[in-house]
1. Given the options 30, 73, 48, name the one that is in contact (Cβ under 8 Å) with a residue 12 or more places away in the chain and within 20 Å of residue 135 (Cα to Cα).
2. Quickly run through the range 1-16 and pick out the residues that are exposed (fewer than 10 other Cβ atoms within 10 Å of the Cβ), in contact (Cβ under 8 Å) with a residue 12 or more places away in the chain and under 20 Å from residue 132 (Cβ atoms).
3. Given the options 144, 67, name the one that is at pLDDT 95 or above and in contact with a strand residue (DSSP E or B) (Cβ under 8 Å, 6 or more places away or on another chain).
4. Of all the residues that make up the range 54-87, how many are touching a helix residue (DSSP H, G or I) at 6+ places or on another chain (Cβ under 6 Å) and not in a strand (DSSP E or B)?
5. Tell me, yes or no, whether the range 73-80 has at least one residue that is farther than 14 Å from residue 120 by Cα, under 13 Å from the mean Cα position of the chain (by Cα) and surrounded by fewer than 20 Cβ atoms within 10 Å (Cβ to Cβ).
6. With the requirement that a residue be under 18 Å from residue 132 (Cβ atoms) and part of a loop (DSSP other than H, G, I, E, B), what does the range 33-45 give you?
7. Starting from residues that are part of a loop (DSSP other than H, G, I, E, B) and within 24 Å of residue 33 (Cβ to Cβ), keep the ones in the range 132-148 and report whichever is nearest to the chain's Cα centre (by Cα).
8. Look at the range 52-72 and say how many of its residues are surrounded by 20 or more Cβ atoms within 10 Å (Cβ to Cβ) and under 14 Å from the mean Cα position of the chain (by Cα).
């Protein structure tokens, strides 16, 4: 285990508008407000056409092949995640959560493209200090959180 001690910073509350893409809005907002690190929680609705990663295809060989789930109709959503800057200083969101409709839910990673529907509330809690960075992992191609 590796760790980094940091401190609480500012807190922001956002309401996304129907049609906005979650990770694009969060990353843009973080850039505009000089947020290098944060925790993020969301609650509300996502629109049809939203996409999420729900696991890797098996067997895993030389490259990870993600399974993409597409939301078919407006649905409820909740999630929690983080924002950490990459090696270029660009904020990158990583969030997992669940999308549900009519008693059925799917859980996965929201990076593939969650689209806001009606009400999508976001709370961003900034974390201040020298800390982790997202670095490109050559094996997976993912921006992996590195703590030195």
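The values are calculated or read from the model by the stated rules, or taken from the named source; none is laboratory data. Predicted model, so just to flag it, every value in this text is computed and none were measured. Counting neighbours? That spans all protein chains shown, and the Cβs are built from the backbone with ideal geometry, glycine included.
1. The unique qualifying residue is 30.
2. Selection gives 2, 3, 5, 7.
3. Of the residues listed, the single one that is at pLDDT 95 or above and in contact with a strand residue (DSSP E or B) (Cβ under 8 Å, 6 or more places away or on another chain) is 67.
4. 0
5. Checked against the condition, which is being farther than 14 Å from residue 120 by Cα, under 13 Å from the mean Cα position of the chain (by Cα) and surrounded by fewer than 20 Cβ atoms within 10 Å (Cβ to Cβ), the range 73-80 yields no hits at all.
6. Across the range 33-45, the qualifying residues are 34, 35, 36.
7. Within the range 132-148, the match that is nearest to the chain's Cα centre (by Cα) is 132.
8. Adding up the residues that qualify gives 1.
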